[in-house]
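Visitor: Dropping a structure here in structure tokens format, bear with me for questions.
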Amino acid sequence: MSLMKRMSLIFRSKANKVLDKAEDPRETLDYSYQRQVELLSKVRRGVADVATSRKRVELQVAQLEQQENKLTEQAKKALSMGREDLAREALTRKSGLAGQVGDLRAQQAQLQGEEEKLTMASQRLQAKVEAFRTKKETIKATYTAAEAQTRINEAFSGISEEMGDVGLAVQRAEDKTAQMQARAGAIDELIASGALDDASAIGQGDDIARELESLSSRSDVEAELAALKSGSTPPPASIEAGDPTPAAEPVAEVTAEPEKEPGHS
Amino acid sequence: MIIRILGEGQYDVAEGSVDGLNQLDRALEDAVDAGDEAAFTEALAGLLSAVRGSGAALPDDSLEDSDLILPPADASIDEVRQMLTGEGLIPG
């Protein structure tokens with residue numbers, strides 16, 4: 001039983017090192033209990049941290065999906081205006097986003113998994129800490145310092161192993177979360193820099209939106225001119241309605257769409 | 001015999017199942033020695049599911065020591081190597 005055995009020996013020797021501290025073994029009980037409670041709150045903080053990272057990734061997925069929808073709309077509009085080149089550009093950008101979204105979804109699932117694992121670990125540790133506390137009080141009430149040692153060793157063995165296990169779980173979750181946070185930060189920067197999109201104001205949107213807008217305002221002018229030539233004044237609402245490209249109105253809508261503040265974490 | 005799967009919990013496994021586990025353990029060790037990540041993943045999954053299948057989960061509030069400790073289900077070959085050298089990973 002070589003690999004399992006080696007692993008067990010190493011793990012146990014590390015876990016036990018944490019303990020031998022106090023002169024009076026009964027003090028060691030309190031000391032250990034204190035460490036258990038500390039570890040328990042550390043795991044709970046770990047659960048909260050992982051949840052925060054997961055929510056951040058979820059938000060990014062939502063933002064990128066919004067971008068995807070917008071690019072689809074732009075492609076439709078561009079096609080309706082006979083600009084296949086613009087439509088192609090919009091769809092190319094959209095396919096670039098799809099990879100990012102897939103990647104983020106995978107991260108989201110991984111973080112969710114870590115969150116669940118840590119939650120379970122925290123429940124197990126809590127049950128063991130409570131069992132230990134009961135045992136500790138019994139030992140302190142029943143035995144003298146000299147007698148207590150063997151009982152204490154019994155009580156320690158299980159809990160120290162659990163503490164090593166939980167400590168490892170927290171550390172692994174922290175490592176994974178840190179890696180993902182670095183990538184999430186990069187995505188936030190992309191979104192904020194407008195490389196993915198920043199349609200914060202009319203006329204200041206991305207280049208596709210700008211071009212679509214200028215196309216539709218040109219056709220507005222043509223439509224109004226045609227109306228004037230034919231001697232009838234178009235009713236105000238029909239400036240856009242009379243536009244040969246039905247996309248004119250949605251362009252302004254999309255471009256003016258308020259952007260969620262970039263770079264929120 | 002009590003076996004702990006790190007990150008997962010403890011199982012009480014009947015002595016009769018240990019031979020089967022030993023074979024799976026050897027496959028795992030070979031994979032670690034060969035640095036074969038695919039074989040490692042398969043061997044680890046096989047060993048852990050054999051433990052889960054043949055053992056009964058201990059209640060959360062038990063304070064029993066484990067006879068054997070196994071790596072977490074999502075461990076990489078490098079992590080297991082580090083665990084075996086006693087460096088890193090396990091907080092001391």
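Visitor: B:Met1 - would you say it is surrounded by 21 or more Cβ atoms within 10 Å (Cβ to Cβ) and aliphatic (A, V, I, L, M)? Steps first, please.
Guide: Values: surrounded by 21 or more Cβ atoms within 10 Å (Cβ to Cβ): no; aliphatic (A, V, I, L, M): yes.
Criteria not met by B:Met1.
Visitor: Considering A:Ala169, A:Ala178, A:Ala192, which residue is within 14 Å of another protein chain (Cβ to nearest Cβ), assigned to a helix (DSSP H, G or I) and either more than 17 Å from A:Asp30 (Cα to Cα) or of a type in the set (A, V, I, L, M) (or both)?
Guide: Numbers: A:Ala178 fails: within 14 Å of another protein chain (Cβ to nearest Cβ); A:Ala192 fails: within 14 Å of another protein chain (Cβ to nearest Cβ).
Within the list A:Ala169, A:Ala178, A:Ala192, the selection yields A:Ala169.
Visitor: I'd like the full set of residues that are crowded, with 21+ Cβ neighbours inside 10 Å, not in a helix (DSSP H, G or I) and not hydrophobic (A, V, I, L, M, F, W, C), limited to region B:10-34.
Guide: Those that are crowded, with 21+ Cβ neighbours inside 10 Å, not in a helix (DSSP H, G or I) and not hydrophobic (A, V, I, L, M, F, W, C): B:Gln10, B:Tyr11.
Visitor: Is it the case that region B:35-42 has a residue that's surrounded by 21 or more Cβ atoms within 10 Å (Cβ to Cβ), in contact with a Leu (Cβ under 8 Å, 6 or more places away or on another chain) and either under 30 Å from A:Arg151 (Cα atoms) or not hydroxyl-bearing (Ser, Thr, Tyr) (or both)?
Guide: We begin by selecting, within region B:35-42, every residue surrounded by 21 or more Cβ atoms within 10 Å (Cβ to Cβ); these are B:40.
Keeping just the survivors that are in contact with a Leu (Cβ under 8 Å, 6 or more places away or on another chain) gives B:40.
In the following step, the residues that additionally are either under 30 Å from A:Arg151 (Cα atoms) or not hydroxyl-bearing (Ser, Thr, Tyr) (or both) were identified as B:40.
Yes; the residues of region B:35-42 include at least one that is surrounded by 21 or more Cβ atoms within 10 Å (Cβ to Cβ), in contact with a Leu (Cβ under 8 Å, 6 or more places away or on another chain) and either under 30 Å from A:Arg151 (Cα atoms) or not hydroxyl-bearing (Ser, Thr, Tyr) (or both).
Visitor: Can you confirm whether A:Gln108 is surrounded by fewer than 20 Cβ atoms within 10 Å (Cβ to Cβ) and either more than 23 Å from the chain's Cα centre (by Cα) or under 30 Å from B:Ser62 (Cα atoms) (or both)?
Guide: Details: surrounded by fewer than 20 Cβ atoms within 10 Å (Cβ to Cβ): yes; either more than 23 Å from the chain's Cα centre (by Cα) or under 30 Å from B:Ser62 (Cα atoms) (or both): no.
So A:Gln108 fails the test.
Visitor: For B:Thr85, work out the one condition from (1) over 29 Å from A:Arg151 (Cβ atoms); (2) more than 9 Å from chain A (Cβ to nearest Cβ); (3) more than 13 Å from the chain's Cα centre (by Cα) it doesn't fulfil.
Guide: If we test B:Thr85 against (1) over 29 Å from A:Arg151 (Cβ atoms); (2) more than 9 Å from chain A (Cβ to nearest Cβ); (3) more than 13 Å from the chain's Cα centre (by Cα), just (2) comes out false.
Visitor: Determine, yes or no, whether A:Arg93 is at pLDDT below 90, surrounded by 16 or more Cβ atoms within 10 Å (Cβ to Cβ), among the charged types (D, E, K, R) and part of a helix (DSSP H, G or I). Quick ask: steps written out before the conclusion?
Guide: Details: at pLDDT below 90: yes; surrounded by 16 or more Cβ atoms within 10 Å (Cβ to Cβ): yes; among the charged types (D, E, K, R): yes; part of a helix (DSSP H, G or I): yes.
The answer is yes for A:Arg93.
Visitor: Related question: Does region B:1-35 hold any residues that are closer than 14 Å to B:Ala73 by Cβ and more than 10 Å from every other protein chain (Cβ to nearest Cβ), and which are they?
Guide: Across region B:1-35, the qualifying residue is only B:Tyr11.
Visitor: Hey, another quick one. Which condition number does B:Asp60 fail, the rest of (1) outside any helix (DSSP H, G or I); (2) touching a strand residue (DSSP E or B) at 6+ places or on another chain (Cβ under 6 Å); (3) crowded, with 17+ Cβ neighbours inside 10 Å being met?
Guide: (2)
Visitor: Follow-up. Residue check: is A:Glu161 in contact (Cβ under 8 Å) with a residue 60 or more places away in the chain, farther than 16 Å from A:Arg45 by Cα and assigned to a helix (DSSP H, G or I)?
Guide: On the way: in contact (Cβ under 8 Å) with a residue 60 or more places away in the chain: yes; farther than 16 Å from A:Arg45 by Cα: yes; assigned to a helix (DSSP H, G or I): yes.
Criteria met by A:Glu161.
Visitor: Considering only region A:126-141, I want to know if a residue exists there that is at pLDDT 90 or above, among the small types (Gly, Ala, Ser) and over 21 Å from the mean Cα position of the chain (by Cα).
Guide: Yes, some residue in region A:126-141 is at pLDDT 90 or above, among the small types (Gly, Ala, Ser) and over 21 Å from the mean Cα position of the chain (by Cα).
Visitor: Right, B:Asp67: charged (D, E, K, R) and within 12 Å of chain A (Cβ to nearest Cβ) or not? Steps first, answer last, please.
Guide: Working: charged (D, E, K, R): yes; within 12 Å of chain A (Cβ to nearest Cβ): yes.
Answer is yes for this residue.
Visitor: How many of the residues in region A:115-134 are more than 27 Å from A:Arg54 (Cβ to Cβ) and in contact with a Leu (Cβ under 7 Å, 6 or more places away or on another chain)? Walk me through how you get there before you give the answer.
Guide: Going through region A:115-134, the residues more than 27 Å from A:Arg54 (Cβ to Cβ) turn out to be A:130-134.
Still in the list and also in contact with a Leu (Cβ under 7 Å, 6 or more places away or on another chain): A:131-132.
Summing the residues that are more than 27 Å from A:Arg54 (Cβ to Cβ) and in contact with a Leu (Cβ under 7 Å, 6 or more places away or on another chain) in region A:115-134 gives 2.
Visitor: Please name all residue pairs, on different chains or six or more residues apart, with Cβ atoms under 8 Å, provided the first residue is in region B:1-19 and is in contact (Cβ under 8 Å) with a residue 12 or more places away in the chain and among the basic types (Lys, Arg) and the second residue is assigned to a strand (DSSP E or B) and crowded, with 22+ Cβ neighbours inside 10 Å.
Guide: That search, which allows pairs on different chains as well, returns B:Arg4/B:Gln10; B:Arg4/B:Tyr11; B:Arg4/B:Leu68; B:Arg4/B:Ile69; B:Arg4/B:Leu70.
The values are calculated or read from the model by the stated rules, or taken from the named source; none is laboratory data. Everything numeric here is computed off the predicted structure, so don't read it as measured data. Here the Cβ is made from the backbone with ideal geometry for all residues, glycine too, and neighbour counts use every protein chain on show.
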